[in-house]
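The values are calculated or read from the model by the stated rules, or taken from the named source; none is laboratory data. Given the structure is predicted, the values throughout are model-derived calculations rather than measurements. Because the Cβ atoms are built from the backbone with ideal geometry, glycine has one as well, and the counts that use them run over all protein chains shown. Quick note on the areas: whole protein, heavy atoms, side chains included, nothing else; ligands and nucleic acids left out. Shrake-Rupley method; radii C 1.70, N 1.55, O 1.52, S 1.80 Å.
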Amino acid sequence: MPDISLDGVFQKLNHLLLEATKARTPFTILQLATVDGAGAPKVRGVVVRQVEDGKLSFITDLRSPKAKEISEQALVALSAYDADKSVQLRIEGSALINADEMRRKEFWDNLRAHTHHLFNSSISPGAELPQPQDTPTMGIQAHSPGSGELYEHFGLVDVTVGRFDWLDLSSYPHQRCQFTRNHDSWKAIWVAP
């Protein structure tokens, strides 16, 4: 196994997350863990849309259980695994549904039309359907005069990362390290795999 420094790992994981926002990679879809009102864990995939200064952003339907769970308990965890590289990345942080209307609108305007259509259902995500093809839509075209209704359901979630946990299983011995936020810097340590 080639020698790698903690700084090298940190640069690599940030590069891989940034690349995941530009093209489909194993880190594009992160598994997000939240806790519901009854204390039960909930996990689902989210598409990482932006990575900047120790913050990850993804979008959600504001009517979804996920949005409610984040509003009630901001602490979340995310994970991804790259099977080709045998690397696991775990992330802990604090999520917030972004209330900055300028940033939210700019984000919305830069999404593709097919992504806008994800918000075109007249019912909330998770609502029961008789058949999968019975999903009722509002019949609104993206970028049309009525597309404001789609935007009302659009949520931008920012996760301020508190810790990255990197596990490289590509050779023996495995290597694992953690990067914990300490105000404006990161404390880096090697830990047992």
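How far is the Cα center of segment 67-97 from the Cα center of segment 103-121, in Å?
Their Cα centres are 22 Å away from one another.
Would you please give the residues with an amide H less than 5 Å from that of D36, counting only those at least 5 places away or on a separate chain, with H modeled from the backbone geometry?
K42
In whole Hz, what ³J(HN,Hα) sequence does segment 168-183 give by Karplus (6.51, -1.76, 1.60; θ = phi - 60°), x for Gly and Pro?
9, 9, 6, 7, 10, x, 5, 10, 9, 9, 10, 10, 10, 5, 10, 6
Show me the trypsin sites (Lys or Arg not before Pro) within segment 40-130 that DSSP assigns to loop and that have at most 13 other Cβ atoms within 10 Å of their Cβ.
Taking segment 40-130 and a limit of 13 other Cβ atoms within 10 Å, the loop trypsin sites (Lys or Arg not before Pro) found are K85, R112.
Summing Lys, Arg as +1 and Asp, Glu as -1, what charge do residues with Cβ under 11 Å from the Cβ of K42 carry, K42 excluded?
For residues surrounding K42, the net value is +1.
Would you mind checking which residues have amide H under 5 Å from G162's amide H? H placed 1.01 Å from N; only 5 or more apart, or other chain.
Those lying under 5 Å, H to H, from G162 are E92, G93, S94.
Per residue, how much accessible area does segment 1-103 show when a 1.4 Å probe rolls over the protein heavy atoms, in square angstrom?
Result: 55 Å² of accessible area for each residue.
In nm, give the distance between the simple-model label positions of S86 and W190, each being 7 Å from the Cα along the Cα-to-Cβ direction.
1.8
Please list 3J(HN,Hα) in residue order for segment 88-105, calculated via the Karplus relation 6.51 cos²θ - 1.76 cosθ + 1.60 where θ = phi - 60°; whole Hz, with x for glycine and proline.
10, 10, 10, 9, 10, x, 10, 9, 9, 6, 5, 9, 6, 4, 5, 5, 4, 5
Tally Lys and Arg at +1 and Asp and Glu at -1 over the other residues with C-beta under 12 Å from the C-beta of I91: what net charge comes out?
Computed value for this residue: +2.
Dividing the Cα radius of gyration by the Kirkwood radius, what Rg/Rh value follows for the chain?
Answer for the chain: 1.01.
Give the lysines whose C-alpha is closer than 20 Å to that of K85, dropping any in the same chain fewer than 8 places away, or say none.
K12, K22
By how many nm would the segment from Q50 to S79 grow when fully extended, if each residue of separation counts as 0.36 nm and the alpha-carbon distance is taken off?
Extending this stretch completely gives an extra 8.9 nm.
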